[in-house]
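**Q** Sharing a structure, written as structure tokens. Questions coming.
The values are calculated or read from the model by the stated rules, or taken from the named source; none is laboratory data. Here the structure is a predicted model, which means the values were calculated and not measured. Methodologically, a virtual Cβ is constructed for each residue, glycine included, from the backbone with ideal geometry; neighbour enumeration extends over all protein chains shown. Accessible surface areas use protein heavy atoms only, side chains included; no ligands, DNA or RNA. Shrake-Rupley method; radii C 1.70, N 1.55, O 1.52, S 1.80 Å.
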Amino acid sequence: MTPQQKATLQKLGPFLALLLVCAGLAFMSPDFLSVGNLMNVLRQVSINALIAFGMTLVILLGGIDLSVGSILALASVFTAMMMRAGYDPILATLVGVLSGAVMGCVNGLVVAKGKVAPFIATLGMMTVLRGLSLVFSNGSPITGFQSDFFSMLGGGYLAGLVPIPVVWTLLMFALFWFVLKKTVFGRHVYATGGNAEAAMLSGVKTNRVQIGVYTISGAMAAMAGMVLTSRLNSAQPTAGMGYELDAIAAVVLGGTSLAGGRGWIFGTLVGVLLIGVLNNGLNLLGVSSFYQQVIKGSVILLAVLLDRSGKK
Amino acid sequence: MQIKMSGISKAFGPVKVLEGVDFALQAGEIHALMGENGAGKSTLMKILCGVYQADAGSIEVDGHAVQIRSTTDSEHLGIAIIHQELNLIPQLSVMENMFLAREPRRFGVIDSGRMREEARRWLALVGATQIDPDGEAGKLSIGQQQMVEIAKALSLNAQVLIMDEPTAALTEREIEKLFGIMTDLKAKGVAIVYVSHRMEEIFRICDKISVLRDGQFVGERVIAETGFDEIVRLMVGRELGDRFPKREVEIGAVRLAVSDLADQGNIAGIGFEVRAGEVLGIAGLMGAGRSEILKTLFGVNRRTHGEVSLDGQPLTARTPSQAIAAGVGFVTEDRKSQGLVLGMSVRENATLVHLAQYAHGGVVNGRSESEAVARLVDELHIRTRDAELDVKSLSGGNQQKVVFAKWLAKPPKVLLLDEPTRGVDVGGKAEIYHIINRLAAAGVAIVMVSSELPEVLAMSDRILVMHQGRQAGIFDAASATQETIMTAATGNN
Ligand SMILES: Nc1ncnc2c1ncn2[C@@H]1O[C@H](COP(=O)(O)OP(=O)(O)OP(=O)(O)O)[C@@H](O)[C@H]1O
Ligand SMILES: [Mg+2]
């Protein structure tokens, strides 16, 4: 086996784990492989997937974004308030996503220009934005908006089979894959995450790259917020709590290094699916939710340990 | 102490790096280990000090077979190494680095007083009294970091001292000091392995030379009985042309004009002009502000005073990206921290600066990028099996060529070079000199900082000598000698 083959195998490790878990679940629960259930799993994971794609860029930079859950909530509150006030739902949705981008941009400015460690910067923003969503919504869910367009975002189907959120997720996956693999911006993300000083001395505008990446992460979180709000038919100021951890877990499961500079979007998709499939399968098997946590946590630890030991 | 390595082989994956290499070292000798970039010198020495394990072969110390499985094993045997790449932990202080994992203790807690005293003593021994033992290691210049590494290795009181290109970032004065120490150690019976690509040093200080070529041992010579040409022939396997190729260039109009340049306290009163096709060398001692001139021109350090113009237009770049856009290129001094993204491939590093060249609307054209990289790899003779490999898997000298390659995709108007041949072998150096000459012929104005005096003298048209942040003078290279440069650099006018 050449080192390249070995590296490829290594990279595909999480993917093999996913296949293994799927095979096991199919064996134990006949319902698992039904088309209905699989589509259900995909729809359930789409929210985490959208957030995790943005998070992948942030982690590639060697950063972290803890504020995604709060961005999701505040953007949802904005959109819901606009719709309830009678604005066009498409406009309200766009404004929601844009507001997420602005919040992300603030993260980026604090990190890049203010030279604040990403953990602290986004922790602060996480609290501020959560507080703002409670302020704007008066602490209670915003409901009572009727729009076919908006309920389609989270609940609709393409060709009567594929849930719209899944379509979104796949489109975003393709876009992120393309950006990271084929564009100058993607290359600059890897370079900045790998060695910011060398990148800067090579003319990469590392500040702009950072701001751009946090902006994207914010927009993706807001997009996930649209899907969630549409599914629930209400905007919850407390929505998205703890979502940052699921997203980070998915990114790391997919083999992206927390130190920055190394990773890929396909891995993140696999990580998202692995977490989603586990959730679904354990439910199907009727495992108590207490044990579910134990099992999920163990799988994450095991997968990451295997990944690390192989890299030595 | 006597060391005998026999039949050492080592492969990384499918790549055989060493094949049946023999190497013998006697007490009280300074033994040069020579070979082209990637010949396997560092790998052989890392096997001797337990960083890597050989796949085959044996090591004997004083006639007894030993197993060296870790650096702890080699330390117990009395073997110390100064690695080619600097290994200080930037956030720790100088003394914490020097005594890492063997901190002097009192009642179980670290005795910083004694640690400081010891650190100061060893630093003074190597003549680095200006380095503060409490200062952060990461804040030191590359040369100073190298001095700390040397002091650290000496403080181990080893019987065998391996020095893998210890002088690559040092200037004349520190080297003199180091050679003095090496001669003392030799008299005390310490065996020293000395790896360097600076030929003059080898012939001055060493007793014996062992040569590796492509991972194989090709011979051992006694210095007194051999010469430059034979060693090069052994290393390269063929005759090498001119060591410093001649440059036939029409010198053109002034491209870079600098007057009364100052930064925030490192340099002041710098003024010079460089014409199209001209190479201005910058010489000086460590810490004299040579690199600072380049960094200020490139927008890394803030300019506080002075005028700079490029082709008659004022150059106001305040960031590297602005400098690059204005037509300035900068081959940085420390490839590990400033030159390369080690986790990226050779291709990705080589095109980092001018990636936009191969892109349309922000989308990279993979084919034209790969073709350009293939050309650069070929042109610079970068030794790599595949441009898709991580750049960190290349030997030091080949990494340096990749740093150079970054700027060649689109020739700049002014190219700033900071130790452009650091760690590059004789053949590679000649190749880089050819590239410099070709760029000069194409009208590029070149400013080159180098600690290697023969290189500065041979490659420059004029030489600016720095002394303590000021300009001590500009000399015509044709009439300058090592002595005139050194006199100016030490401030004796
Ligand atoms: N960890 C590694 N993994 C894979 N290949 C390696 C590794 N270390 C070294 N090599 C390869 O082994 C060969 C020998 O490298 P080595 O660093 O020993 O050369 P060297 O003689 O010290 O060169 P230089 O003069 O440039 O320092 C090179 O081709 C290099 O690419
Ligand atoms: Mg080496």
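**Q** Name the single residue, out of those in the range B:373-383 being outside any loop (DSSP other than H, G, I, E, B) and surrounded by fewer than 21 Cβ atoms within 10 Å (Cβ to Cβ), that is farthest from the other protein chains (Cβ to nearest Cβ). Before the answer, list the steps.
**A** Our first condition is that a residue be outside any loop (DSSP other than H, G, I, E, B); within the range B:373-383, this holds for B:373-379.
Adding the requirement that they be surrounded by fewer than 21 Cβ atoms within 10 Å (Cβ to Cβ) leaves B:374-375, B:378-379.
On the way: B:Ala374: 18, B:Arg375: 19, B:Asp378: 22, B:Glu379: 19 Å.
Only one residue tops the list, namely B:Asp378.
**Q** Can you tell me which of A:Phe176, A:Phe150 is buried (at least 16 other Cβ atoms within 10 Å of the Cβ), in contact with a Pro (Cβ under 8 Å, 6 or more places away or on another chain) and part of a helix (DSSP H, G or I)? Lay out the reasoning, then the answer.
**A** Details: A:Phe176 fails: in contact with a Pro (Cβ under 8 Å, 6 or more places away or on another chain).
From the options A:Phe176, A:Phe150, the qualifying one is A:Phe150.
**Q** Against the conditions (1) at pLDDT 90 or above; (2) assigned to a helix (DSSP H, G or I); (3) open to solvent by 20 Å² or more (accessible area, probe 1.4 Å), where does A:Val299 fall short? Just the number, please.
**A** Condition (1) is where A:Val299 drops out.
**Q** Could you check how many residues of the range B:346-364 are buried (at least 20 other Cβ atoms within 10 Å of the Cβ) and within 7 Å of chain A (Cβ to nearest Cβ)? Spell out how you get there, then give the answer.
**A** So the first thing to find is which residues in the range B:346-364 are buried (at least 20 other Cβ atoms within 10 Å of the Cβ), and the list is B:346-355, B:358, B:364.
Those still in the list that are within 7 Å of chain A (Cβ to nearest Cβ) too: B:348, B:352-353, B:355, B:364.
Total satisfying the criteria: 5.
**Q** Give the number of residues within the range B:277-307 that are touching a Lys or Arg at 6+ places or on another chain (Cβ under 9 Å) and open to solvent by less than 20 Å² (accessible area, probe 1.4 Å).
**A** Narrowing the range B:277-307 to residues touching a Lys or Arg at 6+ places or on another chain (Cβ under 9 Å): B:277-286, B:288-289, B:296-297, B:299, B:301-303.
Now drop any that are not open to solvent by less than 20 Å² (accessible area, probe 1.4 Å), which leaves B:277-285, B:288-289, B:296-297, B:299.
Total meeting the criteria: 14.
**Q** Filter the range A:240-256 for residues that are touching a Leu at 6+ places or on another chain (Cβ under 6 Å) and part of a loop (DSSP other than H, G, I, E, B) and give the result.
**A** A:Gly240
**Q** Determine if the range B:166-186 includes at least one residue that is in a loop (DSSP other than H, G, I, E, B) and more than 30 Å from B:Gly289 (Cα to Cα). Full working, then the answer.
**A** So in the range B:166-186, the residues in a loop (DSSP other than H, G, I, E, B) come out as B:166-171.
Keeping just the survivors that are more than 30 Å from B:Gly289 (Cα to Cα) gives none.
Taking every residue of the range B:166-186 in turn, none turns out to be in a loop (DSSP other than H, G, I, E, B) and more than 30 Å from B:Gly289 (Cα to Cα).
**Q** Grab the strands (runs of 3 or more DSSP E) fully contained in the range B:46-104, keeping just those with 1 or more residues being touching a residue at least 40 places away in the same chain (Cβ under 8 Å) and assigned by TED's automatic domain parsing to the domain that holds B:Leu25.
**A** Numbers: elements: B:56-61, B:64-66, B:79-82.
Passing ranges, in order: B:56-61, B:79-82.
**Q** Let me ask something else about it. Which residues, counting only those in the range B:44-82, are open to solvent by 20 Å² or more (accessible area, probe 1.4 Å) and in contact with a Gly (Cβ under 8 Å, 6 or more places away or on another chain)? Reasoning before the result, please.
**A** Narrowing the range B:44-82 to residues open to solvent by 20 Å² or more (accessible area, probe 1.4 Å): B:46, B:51-58, B:60, B:62-67, B:69-73, B:75-77, B:81.
If the condition is that a residue be open to solvent by 20 Å² or more (accessible area, probe 1.4 Å) and in contact with a Gly (Cβ under 8 Å, 6 or more places away or on another chain), then B:Ala56, B:Gly57, B:Ser58, B:Arg69, B:Ser70, B:Thr71, B:Thr72, B:Asp73 are the ones that fit.
**Q** Separate question: Since B:Gln482 meets every condition but one in (1) in contact with a strand residue (DSSP E or B) (Cβ under 9 Å, 6 or more places away or on another chain); (2) open to solvent by 10 Å² or more (accessible area, probe 1.4 Å); (3) over 21 Å from B:Asp263 (Cβ atoms), which condition does it not meet?
**A** Every listed condition holds for B:Gln482 apart from (1).
**Q** Something else now. B:Asp386 passes all but one of (1) open to solvent by 10 Å² or more (accessible area, probe 1.4 Å); (2) among the acidic types (Asp, Glu); (3) more than 13 Å from ligand 1 (Cβ to nearest atom); (4) within 14 Å of chain A (Cβ to nearest Cβ); which number fails?
**A** In the conditions (1) open to solvent by 10 Å² or more (accessible area, probe 1.4 Å); (2) among the acidic types (Asp, Glu); (3) more than 13 Å from ligand 1 (Cβ to nearest atom); (4) within 14 Å of chain A (Cβ to nearest Cβ), B:Asp386 misses (3) alone.
**Q** In the range B:411-460, what count of residues is obtained for those that are outside any loop (DSSP other than H, G, I, E, B) and within 16 Å of ligand 2 (Cβ to nearest atom)? I'd like the intermediate steps shown before the answer.
**A** Quick first cut of the range B:411-460, residues outside any loop (DSSP other than H, G, I, E, B) only: B:414-418, B:426-441, B:445-449, B:453-459.
If we keep only those that are within 16 Å of ligand 2 (Cβ to nearest atom) as well, we get B:426-429.
Adding up the residues that qualify gives 4.
**Q** Taking the criterion of being within 14 Å of ligand 2 (Cβ to nearest atom) and within 14 Å of another protein chain (Cβ to nearest Cβ), would at least one residue in the range B:25-43 satisfy it? Full working, then the answer.
**A** As a first pass, look at the range B:25-43 and keep what is within 14 Å of ligand 2 (Cβ to nearest atom): B:32-43.
With the extra rule that they be within 14 Å of another protein chain (Cβ to nearest Cβ), the set shrinks to none.
The answer is no; no qualifying residue exists.
**Q** Still on this structure, I have one more. Look through the range B:317-370, keep the residues that are among the acidic types (Asp, Glu) and assigned to a helix (DSSP H, G or I), and return whichever of them is nearest to B:Ser395 (Cα to Cα). Quick ask: steps written out before the conclusion?
**A** At the first step, the residues of the range B:317-370 found to be among the acidic types (Asp, Glu) are B:333-334, B:348, B:369.
Next cut, assigned to a helix (DSSP H, G or I) only: B:348, B:369.
Numbers: B:Glu348: 17, B:Glu369: 23 Å.
By that ranking, first place goes to B:Glu348.
**Q** Got a number for residues in the range B:413-423 being open to solvent by less than 20 Å² (accessible area, probe 1.4 Å) and away from ligand 1 (no atom under 16 Å from the Cβ)?
**A** Count: 5.
**Q** Right, something else. Out of (1) closer than 14 Å to A:Met226 by Cβ; (2) open to solvent by 10 Å² or more (accessible area, probe 1.4 Å), what's the single condition that is false for A:Gly24?
**A** (1)
**Q** So, one more: Going by what's in this entry, would B:Ser345 be described as more than 16 Å from ligand 2 (Cβ to nearest atom) and of a type outside the set (Val, Ile, Thr)? So that I can check it myself, show each step before the final result.
**A** On the way: more than 16 Å from ligand 2 (Cβ to nearest atom): yes; of a type outside the set (Val, Ile, Thr): yes.
It is true that B:Ser345 is more than 16 Å from ligand 2 (Cβ to nearest atom) and of a type outside the set (Val, Ile, Thr).
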